[in-house]
Amino acid sequence: MHLHWHRRDIRLADNRGLRTGNGATVPVFVFDPVVLDHAAPPRLAFLLDSLESLRDEYRSRGGDLLVARGNPRVLLPKLASDLGAETVTWNRDYSGLARQRDDAVREVLADRDIEFRTVHDAVHHEPGTITTNDGDPYKVFTYFSRKWHERGKDEPVDPPDEADLAPAEQIRSEHALAELPTLSDLGFEQPEATIQAGGTAPARELLAEFCEADIYRYGQERDYPARACTARLSPHLRYGTIGIRAVYAATEAAKQAADTDTERESVTEFQDQLAWREFYTQVLWDRPDVVTQNYKSYEHDIEWNEDETALQAWKDGMTGYPIVDAGMRQLREEAFMHNRVRMIVASFLTKDLLIDWRQGYEWFTEKLVDHDTANDNGGWQWAASTGTDAQPYFRVFNPMKQGKDYDPDAEYIREYVPELDGVPADVVHSWHELDDGARHMHAPDYPAPIVDHSQRREEAIEMFERARGD
Ligand SMILES: Cc1cc2nc3c(=O)[nH]c(=O)nc-3n(C[C@H](O)[C@H](O)[C@H](O)COP(=O)(O)OP(=O)(O)OC[C@H]3O[C@@H](n4cnc5c(N)ncnc54)[C@H](O)[C@@H]3O)c2cc1C
């Protein structure tokens, strides 16, 4: 028998670890208190939904999902011994905390003479395999991406058959939970946001729908939040409810079916985002300290502002900058935010409010359903001019211009900021130029801008110049 430890691979199809052990498979998921300490309701709700669908899928094939709660280092040897499993397999995770945990599990399994196999699954090209000619990890995305695109990609692997799974009646352990826990069993409140459905079926549907049509306009329209043409696969890729090879294969099929060069380029542009995901995975693997430290060092500390009132206005979507507020409210309502708007709100926090990126990252960690340490941190440090490839410190997004360029009809803004309902788009986009009387006439409940962008832009540049020692 073989125990497969599911972690960020909540699926049967296109799961390499699941196909690697000897004999019938017993799948297990462990609720680790250390991971729960870092969890938040939106992500946990998505995970529980996905685990329920994983369990049902195993049951429909005559097997079952074993669920346990506690330290994997203690539990996995006990579960392996209860079930008579000779091998334990898992797919590799590259973040700092996960690597420490996995090293500890490896050590204890080796001590008990239990064989283990760790498998390359979550990315196409593992960290450390795409490097400069000197063997160093790339610090600049463009070079990484070029090699990422050139390399061949593996095909998806089939799910296990019924015959590959241990029958449900043999899956018993006194160390397992009788049922999947609920959010409240785990000590969490229900999320305030509406969370998108977890599990493999919704993931496959999203992918199929996206590859049918939206992928062909992705290249031109992905930056416009009201046009909703992105895949919405991020929580699925985060929890592995869909395999990365399956995603790539579907995009390649779409490329084959494309009618024009523009459509083919659009597919490549989408694949480029998958490369960004692997670039940031590699950055975090190489520099686990980036979770709390700037990737890029400056001569002196950056003198960020401490401003609780401004931070709260940002979190509440009450800054008086319509595109920023729409994004922050989308986050509260859906535990999601469009990529362009994530860039805008992150730039606003760090360059207009001059607040440390770590405070924004912490809020995203709590609120995003797709929070992924590598991508979230990469996105924040890019916006804050402290990351790899970062936005140069002197290039500061103008939030009004961003709103006008990427939401010209203010459709996205009005969807999330109802106070601006009925206000003409040109008024919405010149909110910062109106006097109090005009603002009151158009939208009495919507605030005036809490800072002056032009002034803050200069202060931000000076703040970075001091940090550089200029
Ligand atoms: C400040 C900030 C924070 C972010 N936090 C996260 C996060 O916690 N989790 C997360 O998955 N993404 C994060 N991103 C990247 C990006 O915003 C999301 O991946 C994207 O919006 C998810 O929507 P989608 O699945 O429709 O994306 P699509 O545009 O359809 O992209 C497909 C997939 O490619 C990957 N991807 C797309 N853009 C990026 C990117 N810039 N960096 C890395 N991977 C990317 C994601 O896995 C995404 O699901 C962040 C970006 C910024 C600027």
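The values are calculated or read from the model by the stated rules, or taken from the named source; none is laboratory data. These numbers come from a predicted model, not from an experiment. No Cβ is skipped: glycine too gets one built from the backbone with ideal geometry, and neighbour counts run over all protein chains shown. Heavy atoms of the whole protein, side chains included, go into the accessibility calculation; ligands, DNA and RNA do not. Shrake-Rupley method; radii C 1.70, N 1.55, O 1.52, S 1.80 Å.
The table for this structure:
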quantity	calculated
For region 308-468, radius of gyration divided by Kirkwood radius, i.e. Rg to Rh on alpha-carbons	0.96
Kirkwood Rh and Cα Rg combined as Rg/Rh, region 192-241	1.00
Pairwise label distance in nanometres, Glu269 with Arg99, each label 7 Å out on the Cα-Cβ vector	3.4
Per residue solvent-accessible surface (Å²) - the chain, probe of 1.4 Å	43
Accessible-area composition of region 308-468, carbon plus sulfur, in percent [1.4 Å probe]	46
Entries in Lys153/Lys296; Lys315/Lys367; Lys147/Lys255; Lys351/Lys404 that, when Cα-Cα distance is taken, lie over 21 Å	Lys153/Lys296
Glu189-Glu333 pseudo-label distance in nm [points 7 Å out on the Cα-to-Cβ vector]	2.0
Carbon + sulfur, % of accessible area of region 37-115 - ligands and nucleic acids excluded, 1.4 Å	41
Protein accessible area in region 200-286, 1.4 Å probe - carbon and sulfur %	45
Length released on extending from Glu212 to Ala438, taking residue separation times 0.36 nm less the Cα-Cα span	76.8 nm
Residue list for region 258-301, given a label point 7 angstrom along the Cα-to-Cβ vector of Thr131 and an amide N cut-off under 18 Å	279-288
Cα gyration tensor shape of region 151-216, rounded if a/c is under 1.5, else prolate or oblate by comparing a/b with b/c	oblate
